[in-house]
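Here's the structure we're looking at; comments come further down.
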Amino acid sequence: MSDQHRPVGGSEPGGREPGGVGHGGGPEPAPIRFFGTTWVRHDGGYALRRAGVAVGSLALAAAGAALLRFAFQGLEIAAVGSFVGTLVVVGFAVCSALAFRHTWAGLTGRPGPSVADGSGQGLLFIGFVGSLLAYFCRSLVEAPGEQRHRAEYEAARERYERRRGTRTGNPAARKSGAKTGAKKRR
């Protein structure tokens, strides 16, 4: 399920929390956009999906760069001057760099307070080419967001195993043993 279509309560269908413990007796991995849960075992066409995300994001970045080139040509036709043209190029470069850094941080770990909070969201929108390039670069290594999801999933599995290890045995037998031990002390 994508992040955009997640129910308001934050839980997934079946009453489980993303990356948390489900009804199946253990933590279930949170799905990643375009990959679902194939990132866990790298099965179900994972390599093909990664290649598709890489090619798609690079193609969209190239199309976005061509669109920006047409916009710049419009400024040249309007003869606004070299100063304004330089400002536009530098502005798009800075916005793309900010968007790349923000997207990369979101794909590799939990991003802290960022430019996307409040008025900086427009800067990230203008720098969409940087976001697409971050997706491309990350998909060359792994599924975008896999590192963060894997760390959360492994931490949830570890917590589950620790909790499960402390609950072994019959709780009724432990209670009765504690009561008889208390009677013996008197």
Can you say whether residue 100 is part of a helix (DSSP H, G or I) and over 17 Å from residue 135 (Cβ atoms), as far as the supplied structure shows? no
Failed item, numbered, when residue 155 is tested on (1) in contact with a helix residue (DSSP H, G or I) (Cβ under 8 Å, 6 or more places away or on another chain); (2) at pLDDT 90 or above: (1)
Members of segment 35-50 that are aliphatic (A, V, I, L, M) and free of Cβ contacts under 8 Å to residues at least 40 places away in the same chain: 47, 48
Any residue in segment 146-160 that is within 10 Å of residue 27 (Cα to Cα) sitting within a Cβ distance under 7 Å of a residue that is open to solvent by 60 Å² or more (accessible area, probe 1.4 Å) and part of a helix (DSSP H, G or I)? List the pairs, counting only those 6 or more apart or interchain. none
Given (1) closer than 22 Å to residue 134 by Cβ; (2) part of a helix (DSSP H, G or I); (3) open to solvent by 40 Å² or more (accessible area, probe 1.4 Å), number of the condition residue 42 does not satisfy: (2)
From 71, 66, 47, 54, which residue is open to solvent by 40 Å² or more (accessible area, probe 1.4 Å), in a helix (DSSP H, G or I) and at pLDDT 90 or above? 66
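Just a yes or no: is a residue in segment 80-100 under 20 Å from residue 33 (Cα atoms) and aliphatic (A, V, I, L, M)?
yes
The values are calculated or read from the model by the stated rules, or taken from the named source; none is laboratory data. It should be emphasised that the depicted structure is a prediction, and the values quoted were computed from it without experimental measurement. Neighbour counts run over all protein chains shown; Cβ positions are idealised from the backbone, glycine included. With ligands, DNA and RNA removed, areas are computed over all heavy atoms of the protein, side chains included. Shrake-Rupley method; radii C 1.70, N 1.55, O 1.52, S 1.80 Å.
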